[in-house]
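The block underneath contains the structure these notes are about, expressed in structure tokens.
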Amino acid sequence: MESTAPPERRTRVGGESPCAGVRRVPAESGEGSGGGNVTPGDARGGRGAPPDGLQGERWPGHGLLERPGAGSSQRSGWGLVLTGVAGGALVAVYAVATPFLTPALRKVCLPFVPATAKQIENVVKMLRLRRGSLVDIGSGDGRVVIAAAKEGFTAVGYELNPWLVWYSRYRAWREGVHGSATFYISDLWKVSFSQYSNVVIFGVPQMMPQLERKLELELEDHARVIACRFPFPHWTPAHVTGDGADTVWAYDASTFKGREKQP
Ligand SMILES: C[S@@+](CC[C@H](N)C(=O)[O-])C[C@H]1O[C@@H](n2cnc3c(N)ncnc32)[C@H](O)[C@@H]1O
């Protein structure tokens, strides 16, 4: 019986294939535009020979025919990779920046501002003839703790920013004082400083009255407190050294203890 299909529907590209199981190839009609079930071998009856209409179109590096739409899926693959890389970079920037920004968002804004070399020199001068334990409250990148450890103190730093604490530990190890310089990730308002005989603080004016009360309650009579750049509001310093931003005040607990009992 004669087929009722239009002639073009019966056309095979390349004519009758000598291979058994030849499948019908979409020709210029555009039928089956996905082309997923047609191989060059199928189409031409030979291995690797593309159909006439598709000759010369190859998938770079594979020697395969490029499928319609393959270029755009490759592009969208790169798009996904780039989106992933950009997203990862954003997450990394956020993770690093957040601990540096959060101190500024707290009730008392105490940002990371490292002590100058002159400031550290003045702190060390105020510690002359003193021994024992030392704490730097808000230890930043560890420079004060490390300098104190080099002077023979058992030095400890409390710092909110974990990146700075990890960096401080690395610095202490690199400078050979990791045995006497310890760093903790802690909120200064949640730590008791009662065990320390030397206390260093490079704070901000807004926090000094509250810290003053805390130290009055916690420190032993023999303790010394050293304030960098900003003095305590009510205490009378035993010594002052340096000028401008490098000024350092030393207070002896024996002179300020008992103030908390006053009305
Ligand atoms: C002005 S910097 C002083 C850094 C260091 N002491 C120095 O002299 O180089 C104050 C440090 O206190 C830290 N800080 C802020 N709020 C804190 C908190 N609640 N507890 C512990 N550290 C805090 C900041 O991250 C910053 O590193």
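Read-outs throughout are calculated quantities, based only on the coordinates presented, and are distinct from any laboratory measurement. If you're wondering where the values come from, they're calculated on a predicted model, not measured in any experiment. When we count neighbours, we look across all protein chains shown, and the Cβ atoms used for this are built from the backbone with ideal geometry, even at glycine.
Counting only other residues whose beta carbon sits under 14 Å from that of M126, what net charge do I get with K and R as +1, D and E as -1? Local net charge: +2. Between the listed residues W166, G152, G244, the Cα displaced farthest toward the positive end of the dipole of the range 117-261, a dipole computed from Cβ unit charges relative to the Cα centre, is found at G152. Here the residues S194, S186, S180, ranked from fewest to most Cβ neighbours within 10 Å of their Cβ, fall in the order S194, S186, S180.
Of the trypsin sites (Lys or Arg not before Pro) found in the range 105-195, the ones in coil according to DSSP and having at most 13 other Cβ atoms within 10 Å of their Cβ are R106, K107, R128, R131. With a cut-off of 10 Å between beta carbons, the residues surrounding A147 carry a summed charge of -2, where Lys and Arg count +1 and Asp and Glu -1. With R₀ fixed at 45 Å, the C-beta to C-beta distance from T236 to A86 puts the FRET efficiency at about 0.20.
For the pair Y94 and L217, label points projected 7 Å from Cα toward Cβ lie 3.7 nm apart.
Cross-link partners of K257 among lysines, defined as those whose alpha carbon lies under 25 angstrom from its own and excluding same-chain residues fewer than eight positions apart: K125, K190, K214. Among W166, W249, the ranking by other beta carbons within 10 Å of each residue's beta carbon, starting with the fewest, stands as W166, W249.
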